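Below is one structure, written out as structure tokens; the observations come after it.
The values are calculated or read from the model by the stated rules, or taken from the named source; none is laboratory data. All figures in this text were calculated on a predicted structure; none of them were measured in a lab. Quick reminder, even Gly has a Cβ in these numbers, built from the backbone with ideal geometry, and neighbours come from all protein chains shown.
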Amino acid sequence: MRLALAQLAPTMGDVAANNAAAHDAIAAAAANGADVVALPELWDVGYFAFEAYPDAAESLAGERLASIADAADEHDVAVLAGTVVEDLAATAADTDAAVPAETGYANTSVLFDATGERRLVYRKHHLFGYDSAEADLLVPGERLETADVGGFTVAATTCYDLRFPELYRELVELGATLVLVPSAWPYPRVEHWRTLSRARAVENQWYLGAVNGVGAQGESRLLGRSTVYDPWGTPIATTDDDADVVYADLDPSRVADVREEFPALADRRDAECE
């Protein structure tokens with residue numbers, strides 16, 4: 001599988017321009033042989049554009065996600081539509097998808113396969129509160145899903161989730177072998193970004209693609225450095241803090257080989273406390 005991480009520079013609140021940039025990145029990645037393209041967190045509205053969330057929100061059946069599904073089909077490439085602000089009430093009315101609340105908004109990833117079929121929905125479980133309005137504005141997710149794509153069992157998490165390793169252990173139990181992490185990770189926490197992403201790959205012995213945004217977001221600036229880690233935790237493709245697309249060729253058999261060579265997951269024990 002050739003994985004492409006589309007490191008975009010969202011303009012806060014400019015959904016039309018951001019959507020056009022995402023479509024351009026999908027087309028370019030597909031032309032360069034990508035099988036899967038991942039977009040960053042809130043690529044359409046900009047993570048720190050909190051006041052724009054309600055106007056940008058749409059259901060899973062909304063026009064913006066439908067256009068991404070169409071692009072996946074047109075270019076014959078699977079697309080993780082980073083995250084978008086999902087209107088939960090609208091989703092409940094428009095689709096048969098389970099939602100965590102009857103009203104409110106969620107920070108939601110959607111994976112479309114190369115025919116444009118929706119294969120996975122992940123709503124961010126851990127909402128960021130520090131210097132952010134996310135925890136006040138959004139509803140946390142409750143479900144974990146995987147999808148089989150290109151020989152991998154694919155899962156998604158989002159940004160701040162990286163700080164909670166127990167979530168990733170649940171994905172191991174679901175059979176995940178490739179985890180994609182759309183993010184809007186800002187300066188100055190460069191070493192946190194590198195260390196946490198790499199640790200989640202090392203301890204779970206899978207591929208992990210951490211796709212970040214770049215550019216100014218109000219008083220913050222996203223640090224980029226989108227990176228693909230292999231099941232040893234070795235970075236096999238990365239970039240800096242400019243808009244870019246990161247490519248990595250992944251081998252599905254590599255996950256099983258590493259887990260057999262160094263069977264740390266098989267040696268796990270449940271914690272026991274008196």
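Points to keep in mind about this one:
- Condition check for Val211: of a type in the set (A, V, I, L, M), touching a Ser or Thr at 6+ places or on another chain (Cβ under 7 Å), modelled with pLDDT of 95 or more and over 21 Å from Ser253 (Cα atoms): yes
- So Asp44, is it assigned to a helix (DSSP H, G or I), out of contact with any His (no Cβ under 7 Å at 6 or more places or on another chain) and of a type outside the set (Phe, Trp, Tyr): no
- Residue under evaluation Ala135, criteria (1) closer than 21 Å to Asn212 by Cα; (2) crowded, with 24+ Cβ neighbours inside 10 Å; (3) over 17 Å from the mean Cα position of the chain (by Cα); (4) among the aliphatic types (A, V, I, L, M), criterion not met: (2)
- Options Ala16, Ala81, Ala22, Ala4: the member that is modelled with pLDDT of 95 or more, surrounded by fewer than 22 Cβ atoms within 10 Å (Cβ to Cβ) and among the aliphatic types (A, V, I, L, M): Ala16
- Scanning region 141-165 for residues that are touching a His at 6+ places or on another chain (Cβ under 7 Å), surrounded by 15 or more Cβ atoms within 10 Å (Cβ to Cβ) and of a type outside the set (D, E, K, R) turns up Gly141, Tyr160.
- Members of region 44-57 that are among the acidic types (Asp, Glu) and either farther than 27 Å from Tyr130 by Cα or surrounded by fewer than 20 Cβ atoms within 10 Å (Cβ to Cβ) (or both): Glu51, Asp55
- Verdict on Asp73 being of a type outside the set (Phe, Trp, Tyr) and closer than 16 Å to Ala29 by Cα: yes
- Selection count, region 226-271, where residues are touching a strand residue (DSSP E or B) at 6+ places or on another chain (Cβ under 9 Å) and within 30 Å of Pro10 (Cβ to Cβ): 22
- For region 97-122, a residue qualifies if it is outside any strand (DSSP E or B) and in contact with a helix residue (DSSP H, G or I) (Cβ under 8 Å, 6 or more places away or on another chain), and the qualifying residues are Ala97, Val99, Pro100, Ala101, Glu102, Thr103, Gly104, Asp113, Ala114, Thr115, Gly116, Glu117.
- Taking region 166-255 as the region of interest, the strands (runs of 3 or more DSSP E) fully inside it that hold 2 or more residues being surrounded by fewer than 24 Cβ atoms within 10 Å (Cβ to Cβ) and in contact (Cβ under 8 Å) with a residue 40 or more places away in the chain are 214-217, 244-249.
- A single entry from Ala71, Ala66 fulfils the requirement of being under 30 Å from Asn32 (Cβ atoms), in a helix (DSSP H, G or I) and without any contact (Cβ under 8 Å) to a residue 24 or more places away in the chain: Ala66.
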